[in-house]
Amino acid sequence: MVVNIQQAVSQKTAGFLTDEKIVIETLNLFFYYSSDSPALKDVNIIIPQKKVTAFIGPSGCGKSTLLRCFNRMNDLIPGTYHEGKVLIEGEDINKTGIRLERLRNKVGMVFQKSNPFPMSIWENVAFGPKVNGITDNTDLDEMVKSALIQADLWREVKERLDQSALDLSGGQQQRLCIARALANKPHIILMDEPASALDPISTGKIEETIDELKNQYTIVIVTHNMQQAARVSDYTAFMMTGEIIEFNDTRTLFTNPDKKLTEEYITGRFG
Amino acid sequence: MIKSEQTIFQRRVDRANRRARFLITIGGYSIIVSIVGILLFLIYQSLPLSFKTSMKDLLIVELPLRVNKTQLIGIDQYQEISYFLDDKGEAAYYSIINRDFLTRDSIQLEDGEKIISPAKGSLNKEVFAVGTDHGRIITSEIRMNPRYQDNRRFIEPSLKILDTFTVALPPETEVNHIEKIAFCQNEDGNLFWSWLDHTGNLHLKIYNSEDDISFDYLLTEYLGREKVSTLTFSYDGEKLIIGSQTGELFWFDLSDEEAVYLRQNWKSSQFAITALAFLIGNSSLVIGDQTGLIEVWFPVRDENDQFRFKPIHQFKEMSAAVIQILGSPRDRTFLAIDETGRIQLNYSTSNQTQLEFKKSDYPVVAASFAPKADGIILLDQKQKLGMYQLKNEHPEATLKTLFGKVWYEGYIQPEFVWQSTGGSDEFEAKLSIVPLIFGTLKGTFYAMIFSVPLALLAAIYVSQFSPRWLSRIIKPTVEIMAALPSVVIGFLAGLYFSPLFEKHLMTLVLYTFILPLIFLLSIFLWRLVPEEKRMRVPMGWELLFVIPVLGISSLAVLGLSNPIEVTLFSSNFKQWLFETSGQNYDQRNSIVVGFALGFAVIPIIFTISEDALSNVPNSLSSASLALGASRWQTVRRVVIPAAAGGIFAAVMLGFGRVIGETMIVLMATGNTPILDLSPLNGFRAMSACIAVEIPEAPVGGTLYRVLFLIAFLLFIFTFIINSLSAVIGDRLRKKYARF
Ligand SMILES: Nc1ncnc2c1ncn2[C@@H]1O[C@H](COP(=O)(O)OP(=O)(O)O)[C@@H](O)[C@H]1O
Ligand SMILES: [Mg+2]
């Protein structure tokens, strides 16, 4: 269920989003790795549907942490806890009874460092559907193919689907990870600096892929690289020390930032 | 100034580096060298088993004996003096060292009387009976006693007449020839003679030395129309075997001297039986016939529980009639000599012809083994004496006897048997390694089915599921288990747990059924608890639920076992088990050993596989979890395959450890070398066998070398397993774990 912007509880920063539908929304989100100090402080953000939203900010400001709140990957780190709410498609994902498998099936993730399984290309892409209960091989073949096509990898690997994914180049591996996430037919794809370890050409390809995907998927991308944020995203949030400093459509944020901190950051005076 | 200090320091570091590298290299190489050294030593010790029997000419001389008159020859144990008994009763002693005749002895014969039939009567004494053409049978012994003078050894031969009797003939017969004779002096000193007289009658005379009485039998009527061609006693005087001109054999049972009877009559050949002899042990009978056939028969229990001679081994056929068979005084080797002077050296147990030779162009007239079976003397028709040294050290160990089924004396069929030592020389050593290999594999099997699942599941739990505080307790605890000496484990298993096991057998059996049942039931109940409540149990604390489950099952089992045993198994489960399955319950059985051995390898398998599982990068499980896989799916589909190499290596290392494990199998099994897969009885493992038997094995003997061969096999086993674990483990790692 997609909530219309007018129904959103928090609109403090979202005037520019009036025409969009909300998919993710956080309400006064605090996140703690340990009880000393929060890694996220009172985060209220709205992520619009089928758009690319970028998180930028200096290293250690909590971008990845925030991203991982959306598919509860933070749960894996012992001793962490949060306050506040994360709603995805209107549903509180932290309430008891939520099935993590279903949530993560819906909210796919691409990691900073490509992490294909040590299996064949086919097995990699089919992994998600398989663990979610699809066993028919022709169905799986179909899903693998369409995911690989969407990730713009099909042409390169269609002849060697049964070869080890580890034989692919770094960029190909990352696009394979994208395909793997896509095979689950998620609604949302979280990308944590997906191109940070890649050369410029591979980075360019990933960016193209993201561009093509945004018609169908809600994409949240963390990036270190402001040019990249400017190139691929529709909206950008600038974070610092666990807080959202400014959230606006990308062009406005980069050309006419509201906050002084934002301006200093994008003009490279720190970070 | 500073600079030079730095260079001095730098130099010192370099020197230390070089020294360390040198020491480490030396260490590495010395390990390799010592392993190769061990291997070479094992080979060196066991290789003589494969050496062929060999013979060396010690002496060949033509002797000035009367042409073609020698009846018997023999030699002393040091192979210094041999004797030649001729048909006039003259015993000539010949010194092999001086190559000259010494003194003589003689058997007093009547005028014109000649010895026409000689027979030796023992394997370890030169005692013999001779039949003359005057109807007399004279029994005598030649002693070759060593005497020491000035630290030198002199053999003093002497001849002693033990007994003389004349055979009565029916009236009006003039010729009274003892045509053929067999003789035996058994260990009690009783004498047995059987002879064929000139009229074709077969006689048997038994002299009981203790009671000083004799028994006479006429056996002719038992033979029907068969004509005697050759005859022999077993060395204990319990069996008399008669061979006939048409290939029939008769077994007379003499065990009751007052009631001798024909026990078995059979046909073993179409032709005349020309030579018969028992081998040491008095069971195996070697039969040679006119056409050169050589067979070994021995009594085997038949369907009616009767012992019957059965054909066991057939040896290479000789080219002419077998005229003499000589059993070795030490083992189951025998010489077969044919008409033309060709000679075969055979070993009965292994059914192997070890040597075939012809030393002279003329037929052999007399032959004898040296008392220690380390030499043979042969005299041919031309009075040529040949003395040969025999190197026949391990005839009982051949590929066939070590690895194949062998038909041993007293067994009803060929079998794999390990029974290396019996009371005496007469014992037929049974050296099949198969039951030992089987035992090792059986122990390994039971240990592995117990330990592998447990260790791997524990490793998976600890590396993937348990909360950190728990793994921090479990891991070192398991590692401490590894430090427990295996003697202690073996001791506990063999002396404490196995009696306990036996006492509570019913309880344990029940446990194996009831525990999983209650577990499944409790899991089912757990699933009925609303998900929200279940979710609230923190990870790792599920373990707490196991405690009541264990408690309940224990109570159930303890409460039930007695009533169940009483009602269902008529109060005795072991008895019931025996009656229904025919399986006897040994106290020290494979289940106990499986537990004990398993206990010893669990730490190895656990530690290595736990490491392998923990080393699977988090990024992989994160990827899997982020794709919506459950924890278990992630473990099964991603983590375990990625750790497969390490897990495989862990299992193989455990395997290698179990195969070589000695103390536990030694103490916790009955060490019975049986070929039976049943978990209810024990086994004898190769390692335990070596440990048990090597202190008893005479150095350089066959058993000693076979034990080294077993050690060598064990070495190869573990070597192969460890290499496999390295190679396959590596391949798996390459395939699944290039992160
Ligand atoms: N696993 C963790 N345990 C403890 N602290 C962490 C962990 N991951 C990140 N942090 C801390 O949380 C803060 C935010 O980190 P992160 O979200 O990774 O920043 P970013 O992705 O913006 O560079 C940092 O101060 C970091 O030190
Ligand atoms: Mg980050």
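The values are calculated or read from the model by the stated rules, or taken from the named source; none is laboratory data. What you are looking at is a predicted structure, and each value in this text was computed from that prediction instead of being measured. Cβ atoms come from the backbone with ideal geometry, glycine included; neighbour counts cover every protein chain shown. Please note that ligands, DNA and RNA were not included when accessible areas were found on the heavy atoms of the full protein model with its side chains. Shrake-Rupley method; radii C 1.70, N 1.55, O 1.52, S 1.80 Å.
Restricting attention to region B:537-583, the residues that are open to solvent by less than 80 Å² (accessible area, probe 1.4 Å), under 30 Å from B:PHE465 (Cβ atoms) and in a helix (DSSP H, G or I) add up to 10. The residue of region A:44-60 that is nearest to ligand 2 (Cβ to nearest atom), among those that are open to solvent by 30 Å² or more (accessible area, probe 1.4 Å) and touching a residue at least 12 places away in the same chain (Cβ under 8 Å), is A:SER59.
For A:THR96, the criteria (1) under 18 Å from B:SER630 (Cβ atoms); (2) among the hydroxyl-bearing types (Ser, Thr, Tyr); (3) within 13 Å of ligand 1 (Cβ to nearest atom) hold in every case but one, which is (3).
Scanning region B:17-67 for residues that are of a type outside the set (Gly, Ala, Ser), outside any helix (DSSP H, G or I) and farther than 30 Å from B:LEU102 by Cβ gives B:PHE51, B:LYS52, B:THR53.
Results for (1) within 21 Å of B:TYR496 (Cβ to Cβ); (2) touching a Gly at 6+ places or on another chain (Cβ under 8 Å), shown as yes or no for each residue.
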site	(1), (2)
B:GLU579	no, no
B:ASN584	no, no
B:LEU653	no, no
B:VAL665	yes, yes
B:LEU675	no, no
B:ARG684	no, yes
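Number of residues in region B:380-413 that are open to solvent by less than 50 Å² (accessible area, probe 1.4 Å) and either small (Gly, Ala, Ser) or free of Cβ contacts under 8 Å to residues at least 24 places away in the same chain (or both): the value is 3. Among the residues of region B:51-67, those that are open to solvent by 80 Å² or more (accessible area, probe 1.4 Å) and more than 11 Å from B:MET387 (Cβ to Cβ) comprise B:PHE51, B:LYS52, B:GLU62, B:PRO64, B:ARG66, B:VAL67. Against the criterion of being more than 14 Å from chain B (Cβ to nearest Cβ) and within 13 Å of ligand 2 (Cβ to nearest atom), A:SER34 does not qualify. Among residues that are open to solvent by 10 Å² or more (accessible area, probe 1.4 Å), within 16 Å of ligand 1 (Cβ to nearest atom) and within 11 Å of another protein chain (Cβ to nearest Cβ), A:ASP167 is not included.
Under 27 Å from B:ALA455 (Cα atoms) and either in a helix (DSSP H, G or I) or open to solvent by 60 Å² or more (accessible area, probe 1.4 Å) (or both), is that true of B:SER609? In short, yes.
Residue-wise test of (1) touching a strand residue (DSSP E or B) at 6+ places or on another chain (Cβ under 6 Å); (2) at pLDDT below 90; (3) of a type in the set (Val, Ile, Thr); (4) crowded, with 18+ Cβ neighbours inside 10 Å.
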site: A:ILE189; (1), (2), (3), (4): yes, no, yes, yes
site: A:HIS224; (1), (2), (3), (4): no, yes, no, no
site: A:GLY242; (1), (2), (3), (4): yes, no, no, yes
site: A:GLU246; (1), (2), (3), (4): yes, no, no, yes
site: A:ARG269; (1), (2), (3), (4): no, yes, no, no
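Only one of A:PHE16, A:PHE30 is surrounded by fewer than 19 Cβ atoms within 10 Å (Cβ to Cβ), within 20 Å of the chain's Cα centre (by Cα) and away from ligand 1 (no atom under 11 Å from the Cβ). Can you tell me which? None of the other options fit; the residue is A:PHE30.
Each residue in region A:94-129 was checked for being surrounded by 21 or more Cβ atoms within 10 Å (Cβ to Cβ), more than 7 Å from chain B (Cβ to nearest Cβ), closer than 27 Å to A:GLN49 by Cα and out of contact with any strand residue (DSSP E or B) (no Cβ under 7 Å at 6 or more places or on another chain), and 4 of them qualify. Listed by first and then second residue, the pairs with beta-carbon distance under 8 Å, at least 6 apart or on different chains, first residue in region B:303-329 and within 24 Å of B:ASN392 (Cβ to Cβ) and open to solvent by 20 Å² or more (accessible area, probe 1.4 Å), second assigned to a strand (DSSP E or B) and basic (Lys, Arg), are B:SER319/B:ARG342. The set of residues in region A:67-93 being in a loop (DSSP other than H, G, I, E, B) and either more than 9 Å from ligand 1 (Cβ to nearest atom) or among the β-branched types (Val, Ile, Thr) (or both) consists of A:PHE70, A:ASN71, A:ARG72, A:ILE77, A:PRO78, A:THR80, A:GLU89, A:GLY90, A:ILE93. Sort out which residues of region A:194-216 are open to solvent by 20 Å² or more (accessible area, probe 1.4 Å) and either within 14 Å of chain B (Cβ to nearest Cβ) or within 16 Å of ligand 1 (Cβ to nearest atom) (or both), and write them in order of number. A:SER196, A:ALA197 - these are the residues of region A:194-216 that are open to solvent by 20 Å² or more (accessible area, probe 1.4 Å) and either within 14 Å of chain B (Cβ to nearest Cβ) or within 16 Å of ligand 1 (Cβ to nearest atom) (or both). Applying the criterion of at least 3 residues that are within 16 Å of ligand 2 (Cβ to nearest atom) to the helices (runs of 4 or more DSSP H) found wholly in region A:166-271 leaves A:226-232. Candidates A:LYS63, A:LYS41, A:LYS85: the one that is more than 14 Å from chain B (Cβ to nearest Cβ), touching a residue at least 40 places away in the same chain (Cβ under 8 Å) and under 12 Å from the mean Cα position of the chain (by Cα) is A:LYS63. Among the residues of region A:57-66, those identified as part of a helix (DSSP H, G or I) and either near ligand 1 (Cβ under 6 Å from one of its atoms) or within 21 Å of B:ARG631 (Cα to Cα) (or both) are A:LYS63, A:SER64, A:THR65. Quick check: anything in region A:130-147 closer than 20 Å to B:THR634 by Cα, within 13 Å of another protein chain (Cβ to nearest Cβ), out of contact with any helix residue (DSSP H, G or I) (no Cβ under 8 Å at 6 or more places or on another chain) and open to solvent by 20 Å² or more (accessible area, probe 1.4 Å)? Scanning region A:130-147, I find at least one residue that is closer than 20 Å to B:THR634 by Cα, within 13 Å of another protein chain (Cβ to nearest Cβ), out of contact with any helix residue (DSSP H, G or I) (no Cβ under 8 Å at 6 or more places or on another chain) and open to solvent by 20 Å² or more (accessible area, probe 1.4 Å), so the answer is yes.
Within region B:119-133, the set of residues being surrounded by fewer than 23 Cβ atoms within 10 Å (Cβ to Cβ) and assigned to a strand (DSSP E or B) comprises B:LYS120, B:VAL127.
Scan B:VAL488, B:VAL509 and give me the residue that is among the hydrophobic types (A, V, I, L, M, F, W, C) and either in contact with a strand residue (DSSP E or B) (Cβ under 8 Å, 6 or more places away or on another chain) or within 15 Å of B:SER590 (Cα to Cα) (or both). Going through B:VAL488, B:VAL509 in turn, just one is among the hydrophobic types (A, V, I, L, M, F, W, C) and either in contact with a strand residue (DSSP E or B) (Cβ under 8 Å, 6 or more places away or on another chain) or within 15 Å of B:SER590 (Cα to Cα) (or both): B:VAL509. Given the conditions (1) within 16 Å of ligand 2 (Cβ to nearest atom); (2) surrounded by 17 or more Cβ atoms within 10 Å (Cβ to Cβ), which single one is not true for A:THR80? Among (1) within 16 Å of ligand 2 (Cβ to nearest atom); (2) surrounded by 17 or more Cβ atoms within 10 Å (Cβ to Cβ), the lone unmet condition for A:THR80 is (2). Test of understanding: among B:ASN618, B:ASN671, which residue is within 14 Å of chain A (Cβ to nearest Cβ), of a type in the set (S, T, N, Q) and more than 15 Å from B:THR444 (Cβ to Cβ)? That would be B:ASN618, the only listed residue that is within 14 Å of chain A (Cβ to nearest Cβ), of a type in the set (S, T, N, Q) and more than 15 Å from B:THR444 (Cβ to Cβ).
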